[in-house]
Amino acid sequence: ILFRESMYHIPLEKIKSLLDKFSGYLVDDGVFIVRLFIMRNGKVKFRPKKMIDIIANNFPVIEKNQYGNAGAVVIVFRPRKTPARN
């Protein structure tokens, strides 16, 4: 699932629950991809940086990279594994 900049519209306190909900739409090896611009005029923007931190602290990150002076960060991650039910 590719979110790109649409994550800007999600309140910080709802990011984790929204991603948990969307996890149900991924195939078994599916991933989320989010791109956010965390810098403007050489300064880190609090909200997008916090969004990346929430994702990195709550989901298994496969890849995370910041691209040059533009401040774009792309993070690729998987949903959390839920325990198998008996």
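The values are calculated or read from the model by the stated rules, or taken from the named source; none is laboratory data. Bear in mind the structure is a predicted one, so any value in this text is a computation, not a measurement. Here the Cβ is made from the backbone with ideal geometry for all residues, glycine too, and neighbour counts use every protein chain on show. Note: accessible area is taken over every heavy atom of the protein model, side chains too, but ligands, DNA and RNA are not part of it. Shrake-Rupley method; radii C 1.70, N 1.55, O 1.52, S 1.80 Å.
Taking the criterion of being farther than 13 Å from Arg80 by Cβ and either polar (S, T, N, Q) or in contact with a Lys or Arg (Cβ under 7 Å, 6 or more places away or on another chain) (or both), the only residue of segment 11-33 that qualifies is Leu12. In segment 57-74, is there at least one residue being at pLDDT below 90 and in contact with a helix residue (DSSP H, G or I) (Cβ under 9 Å, 6 or more places away or on another chain)? Yes, segment 57-74 contains a residue that is at pLDDT below 90 and in contact with a helix residue (DSSP H, G or I) (Cβ under 9 Å, 6 or more places away or on another chain).
When Ser23, Ser17 are screened for being open to solvent by less than 100 Å² (accessible area, probe 1.4 Å) and free of Cβ contacts under 8 Å to residues at least 24 places away in the same chain, only Ser17 passes. Among the residues of segment 33-71, those that are of a type in the set (Val, Ile, Thr) and open to solvent by 70 Å² or more (accessible area, probe 1.4 Å) comprise Val44, Ile62. The number of residues in segment 31-76 being within 21 Å of Lys21 (Cα to Cα), among the β-branched types (Val, Ile, Thr) and not in a strand (DSSP E or B) comes to 4.
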